[in-house]
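Asker: Have a look at the structure that comes next, please.
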Amino acid sequence: MIEVLTGITLLLGGFFALVAGWGIVKLPDVLTRMHASTKAGTLGSMLTLTAAALAFGEMSVVMRCLIGVIFLLLTAPIAAHMIGRAAARKQNYF
Amino acid sequence: MTPELFMEWSLDAAFVMVMVAIALAFVRLALGPTLHDRVVALDMMTVLIVAFCALYAIRNDDSAFLDIVIVLALVGFLATVALARFAERRLMMREERGEDIKEDRDD
């Protein structure tokens, strides 16, 4: 049962990573490309880390995966905010 | 199909999908018309390498790679923030010099 759950989470994580890659190539603008990479890419990494936590099933590994997810959630919006502000100022959005 | 076989198969599929996504981000890094596109592609490559390390930890049954995940998730955004501040400061300096920032230069 846990193997099936891990496999489904792995497939979902890979799918969202692939969607992020597709979006960063196909979308027309810096801000829309950032929309693809930050949201879909971070979700793909978080699902893959969840799959690692499910696959190992030990308390120490689960805590390390949880810390990884929390650090991703803390740092990805800061980077996206900084580069988005620089890009928006270049295009005179404000 | 047994559950173990399904997990092995989906692990291989996830490896292929994450590698294709890193290659697509590299395409944007090479093409990207402005500096901002390249910085966004680098940021996404860092996040995808985090996913790759987690997959590698599952494949080799070695939880030491999850420490690399923690370090990458903590440090990976610093390069993006530094490059974004660099781009913004250069733009402000061009504004002070009275140049036309709407003109299409590679920055």
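The values are calculated or read from the model by the stated rules, or taken from the named source; none is laboratory data. This one's a predicted model, so the numbers in the text were calculated from it and none came from an experiment. As a convention, Cβ positions derive from the backbone with ideal geometry for all residues, glycine included, and neighbour counts pool all protein chains shown.
Asker: Does the range A:45-60 contain at least one residue that is charged (D, E, K, R), more than 14 Å from the chain's Cα centre (by Cα) and either at pLDDT 90 or above or assigned to a loop (DSSP other than H, G, I, E, B) (or both)?
Answerer: The answer is yes, given that some residue of the range A:45-60 is charged (D, E, K, R), more than 14 Å from the chain's Cα centre (by Cα) and either at pLDDT 90 or above or assigned to a loop (DSSP other than H, G, I, E, B) (or both).
Asker: Starting from the range B:5-19, keep only residues that are farther than 17 Å from A:Met46 by Cα, then list their pairs with residues that are of a type in the set (Val, Ile, Thr) and modelled with pLDDT of 90 or more whose Cβ atoms are within a distance under 7 Å, requiring at least 6 positions of separation or different chains.
Answerer: Close Cβ pairs (under 7 Å, with a partner that is of a type in the set (Val, Ile, Thr) and modelled with pLDDT of 90 or more) amount to B:Phe6/A:Val4; B:Met7/A:Thr6.
Asker: Which ones in the range A:20-71 are among the acidic types (Asp, Glu) and either facing chain B (nearest Cβ under 8 Å) or touching a helix residue (DSSP H, G or I) at 6+ places or on another chain (Cβ under 7 Å) (or both)?
Answerer: A:Glu58
Asker: Based on what the data block shows, is B:Val75 β-branched (Val, Ile, Thr) and surrounded by 14 or more Cβ atoms within 10 Å (Cβ to Cβ)?
Answerer: Working: β-branched (Val, Ile, Thr): yes; surrounded by 14 or more Cβ atoms within 10 Å (Cβ to Cβ): no.
So B:Val75 fails the test.
Asker: Identify all residues within the range A:43-52 that are surrounded by 24 or more Cβ atoms within 10 Å (Cβ to Cβ) and not hydrophobic (A, V, I, L, M, F, W, C); write none if there are none.
Answerer: Hits for the range A:43-52 are A:Gly44, A:Ser45, A:Thr48.
Asker: Can you name the residue in the range A:1-32 that is modelled with pLDDT under 90 and of a type in the set (D, E, K, R) and, of all such residues, is nearest to the chain's Cα centre (by Cα)?
Answerer: A:Asp29
Asker: Next up: Give the residue that is farthest from A:Ala17 (Cα to Cα), with candidates limited to residues of the range B:27-37 that are surrounded by fewer than 17 Cβ atoms within 10 Å (Cβ to Cβ) and either touching a residue at least 24 places away in the same chain (Cβ under 8 Å) or more than 7 Å from every other protein chain (Cβ to nearest Cβ) (or both).
Answerer: B:Pro33
Asker: Tally time: how many residues in the range A:5-19 are facing chain B (nearest Cβ under 7 Å) and closer than 16 Å to B:Val20 by Cα? Step through it out loud before you land on a result.
Answerer: Restricting attention to the range A:5-19, the residues satisfying the condition of being facing chain B (nearest Cβ under 7 Å) are A:6-7, A:10-11, A:13-15, A:17-18.
From what's left, closer than 16 Å to B:Val20 by Cα: A:10-11, A:13-15, A:17-18.
Within the range A:5-19, residues that are facing chain B (nearest Cβ under 7 Å) and closer than 16 Å to B:Val20 by Cα number 7.
Asker: Confirm whether B:Thr46 is touching a Phe, Trp or Tyr at 6+ places or on another chain (Cβ under 9 Å) and under 26 Å from A:Lys90 (Cβ atoms).
Answerer: Yes.
Asker: Go through the residues of the range A:78-85 one by one and say whether even a single one is at the interface with chain B (Cβ under 8 Å from one of its Cβ atoms), part of a helix (DSSP H, G or I), out of contact with any strand residue (DSSP E or B) (no Cβ under 8 Å at 6 or more places or on another chain) and not hydrophobic (A, V, I, L, M, F, W, C).
Answerer: yes
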